[in-house]
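Below is one structure, written out as structure tokens; comments come after it.
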Amino acid sequence: MTQLSAKQQAIVSAAIEQFALNGLQATTMEAICQKAEVSKRTLYKHYPNKEALFDAVVILLIERIEPLTAIQFIPNYDFEVQLKHLASSVVSLLSDPDYIRLSRIVMIESMRSEAQAQRLNEKFSHCEQSMVVWFEEAAHAGCLGDHDAHFAAAFFWGGLKRLTFWEMAIRWQPPVDEEQLESFIEQACRLFCNGVSPHQ
């Protein structure tokens, strides 16, 4: 986890607010200074330009995702129990308002520029690959039947995102309450398990 000084935290928080409000291109370093209540000298000491601040936002987003990549598949342990644990961890992140706010900033910049999109894809590629590993190990243990691990991972992540993240990030819907989230997780895992292991 990146350790930021109080000044850096104030600057990054101000940058996030300005990026979310105006976008990267329309945000000025002066506006960030004013919002963070720091001098230009202090700002440029830590972040020489807006791109460096944007990278700081990307790092924060990646650091929020990384705990998911540490969840390991355990062979010879109940598959559905593990899947529910994974789904709960995923949904907790995808429903977090701060994560959604950071994601919006990054998505908008990715859509604005192909070069930026390629650069961001490179930064997030490690996280994406790490999240597929769980399904590769599940496939190796025979838990996915004859289904491809990459397809299973995409189906699983995509389904959970559709039920939580995209509704909030794109349609600006309010957060889903805890009871609904538990129902989503239960149904999604049951459907997934029935699909990959129809005879169990």
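A full extension of the chain between Gln3 and Glu179 corresponds to an added length of 59.9 nm, given 0.36 nm per residue minus the alpha carbon distance. Given their separation in residues at 0.36 nm each and the Cα-Cα distance between them, Ser130 and Trp172 gain 12.2 nm when the chain is fully extended. Farthest towards the positive end of the charge dipole of the chain, among the residues Gln187, Leu102, Tyr77, is the Cα of Leu102, using unit charges on the Cβ of Lys, Arg, Asp and Glu. A simple charge model with +1 on the Cβ of Lys and Arg, -1 on the Cβ of Asp and Glu and nothing else charged puts the dipole of the chain at about 980 debye relative to its Cα centre. For the stretch 128-145, backbone nitrogen atoms closer than 18 Å to the point 7 Å from Met107 Cα along Cα-to-C-beta are found at 128.
Note on the stretch 2-123: lysine pairs with Cα distance below 16 Å, sequence gap of 8 or more or different chains, count 5. Considering only the Cα atoms of the chain, their convex hull presents on average a projected area of 12.5 nm².
Quick one: net charge around Ala36, please, counting Lys, Arg +1 and Asp, Glu -1 for every other residue with C-beta under 14 Å from its C-beta.
Numbers: positive: Lys7, Lys35, Lys40, Arg41, Lys45, Lys50; negative: Glu17, Glu30, Glu37.
So the environment of Ala36 carries a net charge of +3.
By the scheme Lys and Arg +1, Asp and Glu -1, what is the net charge of all other residues having a beta-carbon under 15 Å from that of Asn22? Could the numbers behind the result be given before it?
Numbers: positive: Lys35, Lys50, Arg101, Arg104, Arg112; negative: Glu17, Glu30, Glu109.
In short, +2.
Projecting label points 7 angstrom from Cα along Cα→Cβ for Thr28 and His150 puts them 4.7 nm apart. Charge dipole of the stretch 1-48 (Cα centre as origin; +1 on each Lys and Arg Cβ, -1 on each Asp and Glu Cβ, all else neutral): 200 debye, rounded to the nearest 20.
Between exposed chymotrypsin sites (Phe, Trp or Tyr not before Pro) in the chain, where DSSP calls loop and at most 14 other Cβ atoms lie within 10 Å, what's the longest gap?
On the way: sites that count: Tyr77, Trp172.
Value returned for the longest uninterrupted segment is 78-171.
Taking a ≥ b ≥ c as the square roots of the eigenvalues of the Cα gyration tensor, the stretch 1-85 is classed as prolate, since a/c reaches at least 1.5 and a/b is larger than b/c.
Every number in this text was worked out from the coordinates using simple rules, so none of it is lab data. Quick caveat: nothing in here was measured; it's all calculated off a predicted structure. Cβ coordinates were reconstructed from backbone atoms using ideal geometry, including for glycine residues, and neighbour counts include every protein chain displayed.
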